[in-house]
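Engineer: A single structure is presented below for examination.
Computed from the coordinates by the stated procedures, all read-outs in this text should not be read as laboratory data. Quantities reported herein were computed from a predicted structural model and do not represent experimental measurements. Cβ placement follows ideal geometry from the backbone for every residue including glycine, while neighbour counts extend to all protein chains displayed.
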Amino acid sequence: MDIMRTHYASDITPGMDGDTVTVAGWIHEMRDLGGIYFLVLRDRGGFMQITMVKKKTDPELFDSARRLIRESVLTVTGTVKREDKAPRGYEIIPQTVSVLSESDSPLPMDITGKVDADIDTRLDSRFIDLRRRKTLDVFEIRHHALKAVRNFLENEGFIEIHTPKVVAAATEGGTALFPITYFNREAFLNQSPQLYKQIMMSAGFDRVYEIGAIFRAEEHDTLRHLNEATSIDIEASFMDHLDVMGILERLVHEVYAQVSVDCAPQLEELGIELSVPKLPFKRVSYDDALEIALSEGHAIEWGDDFGTAAERAIGNAIGEHYFLTDWPTEIKPYYTHPYDDKPVYSKSFDLMHPRMELASGSQRIHSHKLLHEMIEAHGLNPDGFDFYLKAFQYGMPPHAGWGLGAERLVMTMLHVENIRDVVLFPRDRKRLSP
RNA sequence: GUCCGGAUAGUGUAGUGGCCUAGCAUGGAGCCCUGUCGAGGCUCCGCCCCGGGUUCGAAUCCCGGUCCGGGCGCCA
């Protein structure tokens with residue numbers, strides 16, 4: 001079958017005056033002035049004005065066009081006419097208008113930007129919500145951001161991998177998992193590719209990354225949590241935590257820089273001025289951050305994690321992206337490498353945006369013996385980690401890595417309040433559909 | 001897990017005991033209009049989450065339920 005259109009809205013220019021084109025899209029708006037009738041057709045790239053002057057248009061075409069229903073899908077074949085009075089300097093004078101799919105009415109929400117809709121209404125009819133320019137902008141930017149991530153990691157010599165999402169046991173303990181039935185056994189949705197990307201270090205892949213779904217069964221209900229999120233994970237051999245922090249900050253910098261170039265129109269439509277964070281990011285040790293939190297009146301003892309309020313206070317004090325480094329070993333996962341000379345501290349870091357945590361990472365323990373001990377010290381049963389520990393018995397290089405929340409990266413970049421706004425079909429405490 | 005808040009036309013809201021036969025905007029139906037671009041004008045259509053209670057009188061107060069939103073904890 002031939003493609004049904006010859007041009008997208010973005011392909012047509014006033015210079016094409018006189019050309020015959022076939023365009024396709026949704027009816028965005030109609031304006032009937034009596035003797036002249038304007039139809040605004042929308043495709044992914046923009047809007048086109050279809051103009052019909054009553055006296056100059058076939059009466060049958062004119063009447064049927066006036067009876068169209070908004071958001072119906074049309075193809076229009078017509079002549080491009082240069083016209084200074086038209087929105088983009090041109091309009092299309094139609095010869096034929098075909099309705100490919102008639103819309104129901106009324107619509108589940110306004111999509112022209114006149115009346116707001118609640119996030120819940122929007123998500124219930126996400127397919128309509130995504131027709132709204134500003135919603136689409138966010139996802140175009142998300143696409144470009146992830147493309148920049150892939151390009152960057154590709155250039156740094158990383159291999160893309162895909163690890164299992166259905167697993168037999170918890171990765172790190174702590175967070176709640178979604179249990180599922182796997183034939184007649186219990187299994188879980190993976191909370192992180194952590195164990196598998198580390199196994200790939202033993203396999204000699206040297207540098208790997210994965211962009212994929214992670215699942216957390218926490219019953220949180222906040223603007224920055226999802227039960228299904230997208231994680232950007234890397235793991236790299238013969239590197240320490242400082243090396244992968246360098247990769248991470250350069251990656252974030254690159255994403256901002258690339259998006260500001262690739263997505264200038266979308267950013268403008270959203271009214272966002274993107275400031276590319278400066279390199280290098282500040283390094284703030286856990287101990288220094290603790291002092292800031294204490295001086296701001298937050299009662300935290302050494303060895304506690306920072307609560308949301310303290311985290312925000314520290315973020316306000318710093319005011320830009322920063323690394324929170326050298327965490328107490330005891331509050332980090334069992335695979336986190338302690339400093340050899342001061343083992344109560346670990347070679348760990350979180351990447352922070354003033355609003356929230358974006359990523360966390362560390363140098364990993366590569367000694368089989370030490371890892372075994374740490375698993376036990378965390379109250380976990382090493383038997384459940386056989387498949388993982390085995391990879392450390394036959395030549396595991398020193399390695400480090402991190403996991404970065406894709407949604408959080410995008411939402412902080414775009415000043416989006418609600419994390420659901422950067423996910424097509426978010427999964428949260430209440431929402432399992434669509 | 002815990003604490004707080006909310007539910008009014010398709011959508012977004014106003015209304016906190018009688019002036020509500022529920023206002024406004026958007027939308028839908030129809031009419032007028034030859035340059036609209038959040039078009040404009042006129043007419044019409046469409047809503048108080050469910051159940052119980054208090055009261056002469058409940059959208060409004062109370063109780064229960066359902067659904068939804070958010071803070072904290074946990075985390076990315």
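Engineer: Convert 37 °C to kelvin, take the viscosity as 0.692 mPa s, use the Kirkwood radius over C-alpha pairs of the range A:272-395 as Rh, and evaluate the Stokes-Einstein diffusion coefficient in µm²/s, rounded to a whole number.
Structural biologist: Values: Rh = 16.0 Å.
Estimated diffusion coefficient is 205 µm²/s.
Engineer: Out of A:118, A:326, A:421, any idea which swings most in a Gaussian network model of chain A, alpha carbons joined below 10 Å?
Structural biologist: A:118
Engineer: Highest GNM mean-square fluctuation, chain A, Cα pairs closer than 10 Å: which of A:322, A:394, A:286?
Structural biologist: A:394
Engineer: Along its three principal axes, how long is the range A:332-434 when you only count alpha carbons? Whole Å, largest extent first please.
Structural biologist: On the principal axes, the range A:332-434 reaches 45, 32, 24 Å in Cα extent.
Engineer: Kirkwood hydrodynamic radius, computed over distinct alpha-carbon pairs, for the range A:126-232: how many Å, to one decimal? Before the final figure, lay out the partial values.
Structural biologist: Working: mean 1/r = 0.0620 Å⁻¹.
Mean inverse Cα-Cα distance, inverted, gives 16.1 Å.
Engineer: What shape does the range A:222-277 have by the C-alpha gyration tensor, where a ≥ b ≥ c are the square roots of the eigenvalues, rounded means a/c under 1.5, and otherwise prolate means a/b greater than b/c and oblate the rest? Mind showing how you got there, number by number?
Structural biologist: Values: a/c = 2.93, a/b = 1.47, b/c = 2.00.
Oblate, because a/c is 1.5 or more while a/b does not exceed b/c.
Engineer: Here is a further query. Which value, to two decimals, describes the C-alpha radius of gyration of the range A:185-287 once divided by 2.2 N^0.38 Å? Don't skip to the end; give the middle numbers.
Structural biologist: Numbers: Rg = 17.5 Å, N = 103, 2.2 N^0.38 = 12.8 Å.
Computed over Cα atoms of the range A:185-287, the ratio equals 1.37.
Engineer: Right, something else. In whole angstrom, how long is each semi-axis of the equivalent ellipsoid of the range A:21-76, when you take the square root of 5 times every eigenvalue of its Cα gyration tensor and sort them from largest down?
Structural biologist: Working: eigenvalues 72, 24, 21 Å².
That gives 19, 11, 10 Å for the three semi-axes.
Engineer: Can you tell me what the convex hull of the Cα atoms of the range A:52-162 projects to on average, as an area in nm²? All intermediate terms of the calculation are to be shown ahead of the outcome.
Structural biologist: On the way: hull surface 47.4 nm².
About 11.9 nm², averaged over all directions.
Engineer: If you don't mind, another one. How large are Rg and Dmax for the range A:243-317 when calculated on the C-alpha trace, in angstrom?
Structural biologist: Final numbers for Rg and Dmax: 16.6, 47 Å.
Engineer: Output ³J(HN,Hα) for the range A:87-100: one whole-Hz value per residue in order, computed from phi by the Karplus curve 6.51 cos²θ - 1.76 cosθ + 1.60 with θ = phi - 60°, and x for Gly and Pro.
Structural biologist: Values per residue, Gly and Pro as x: x, 10, x, 8, 9, 10, 9, x, 9, 9, 10, 10, 8, 8 Hz.
Engineer: Could you give me D for the range A:287-337, from Stokes-Einstein at 10 °C and 1.306 mPa s, where the hydrodynamic radius is the Kirkwood radius over C-alpha pairs? Units µm² s⁻¹, please.
Structural biologist: Details: Rh = 11.6 Å.
Roughly 137 µm²/s, to the nearest whole number.
Engineer: Taking R0 as 41 Å, what's the FRET efficiency between residue A:370 and residue A:134 from their Cβ-Cβ distance, rounded to 0.05? Present the calculation step by step, with values, prior to reporting the outcome.
Structural biologist: Working: r = 51 Å, r/R0 = 1.24.
Once the sixth-power term is evaluated, E becomes 0.20.
Engineer: Another question about this same structure. Thinking of chain A as a set of Cα atoms, what percent of all their pairs are more than 40 Å apart? Don't skip to the answer; put the middle values down first.
Structural biologist: Numbers: 31323 of 93961 pairs.
Tail of P(r) above 40 Å: 33 percent of Cα pairs.
Engineer: Here's another thing I want to ask about it. Can you tell me the convex hull volume per residue for the range A:4-105, based on C-alpha atoms, in Å³ to the nearest whole number? Provide the component values of the computation, followed by the final result.
Structural biologist: On the way: hull volume 9.3 nm³, N = 102.
Here the figure is 91 Å³ per residue.
Engineer: Okay, next question. Quick one: divide the alpha-carbon radius of gyration of the range A:95-140 by 2.2 N^0.38 Å and tell me what you get.
Structural biologist: Numbers: Rg = 12.7 Å, N = 46, 2.2 N^0.38 = 9.4 Å.
For the range A:95-140, the normalised Cα radius of gyration comes out at 1.34.
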